Amino acid sequence: MSAPARPQASATLFDTAIGTCAIAWSATGVLRFAFPEPDLEDVRDYILHKHRLVDIQETAPDAEITRVIDGVRAHLAGNLDDLRWIPLAPNLFNDFDRAVYTVTRAIDPGHTLSYGTVATRIGHPGGAQAVGQSLGRNPIPLIIPCHRVLAADNALTGFSAPGGIDTKVRLLEIERTPGFGEPTLF
């Protein structure tokens with residue numbers, strides 16, 4: 001007896017103010033998002049082949065995903081949007097990650113929370129490290145804005161998206177987050 005077929009999903013690459021990004025979606029919502037990488041084929045490979053639950057094929061976006069892409073492009077060009085209106089595929093996450101991502105998604109552009117604050121808000125005080133690990137697994141960065149979560153001293157620690165901390169800083173600058181991209185006195 002053959003294994004059951006995996007559900008199908010679609011993906012597309014698209015240009016933004018920060019480079020070529022990619023998004024994957026199913027009939028129920030967004031599955032993955034990818035930031036630019038130096039090699040365009042790395043972006044394509046990530047978005048098409050790094051999902052274990054569905055088969056993803058590169059296709060042209062439908063009207064709903066075109067609207068999502070337009071929102072992401074506008075945000076990355078500095079026309080800030082919380083992007084909370086973008087539907088995410090249900091059942092992508094375990095309960096802990098879902099709680100972390102719900103709190104993280106509620107952080108407005110230009111604002112940040114600490115890992116410890118997120119942990120406290122989900123009922124796990126002292127769970128900052130677990131929150132960091134959860135955010136490191138985030139398959140939908142920007143739409144689930146893990147770049148808005150910082151260390152307790154506002155230090156920029158770990159960012160698993162391409163470009164690492166440089167990408168995190170760039171996103172915080174685009175969002176006009178206080179303390180990032182501002183001239184210093186010395």
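The values are calculated or read from the model by the stated rules, or taken from the named source; none is laboratory data. Keep in mind it's a predicted model, so treat the numbers as computed, not measured. Here Cβ is always computed from backbone atoms with ideal geometry, including for glycine, and neighbour counts include all displayed protein chains.
The table below gives the values:
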{"quantity": "Residues within the stretch 64-79 that are over 15 Å from Val30 (Cβ atoms) and without any contact (Cβ under 8 Å) to a residue 40 or more places away in the chain, tallied", "calculated": "2"}
{"quantity": "Residue identified as among the aromatic types (Phe, Trp, Tyr), in contact with a strand residue (DSSP E or B) (Cβ under 8 Å, 6 or more places away or on another chain), within 19 Å of Asp15 (Cα to Cα) and at pLDDT below 95 among Tyr46, Tyr115", "calculated": "Tyr46"}
{"quantity": "Helices (runs of 4 or more DSSP H) lying entirely in the stretch 60-169 (those with 1 or more residues that are surrounded by fewer than 18 Cβ atoms within 10 Å (Cβ to Cβ), in the same structural domain as Thr20 (by TED's automatic domain parsing) and of a type in the set (Val, Ile, Thr))", "calculated": "63-76"}
{"quantity": "Enumeration of residues in the stretch 25-43 that are of a type outside the set (Lys, Arg) and closer than 10 Å to Ala11 by Cα", "calculated": "Trp25, Ser26, Val30, Leu31, Phe33"}
{"quantity": "Residues satisfying the stated conditions in the stretch 1-43, i.e. among the acidic types (Asp, Glu) and either at pLDDT 95 or above or touching a Gly at 6+ places or on another chain (Cβ under 9 Å) (or both)", "calculated": "Asp15, Glu37"}
{"quantity": "Cβ-Cβ under 8 Å pairs, at least 6 apart or on other chains, the stretch 80-91 side within 21 Å of Glu175 (Cα to Cα), far side acidic (Asp, Glu) and assigned to a loop (DSSP other than H, G, I, E, B)", "calculated": "Leu80/Glu175; Asp82/Asp108"}
{"quantity": "Number of positions in the stretch 34-59 that are surrounded by 15 or more Cβ atoms within 10 Å (Cβ to Cβ), among the β-branched types (Val, Ile, Thr) and in a loop (DSSP other than H, G, I, E, B)", "calculated": "1"}
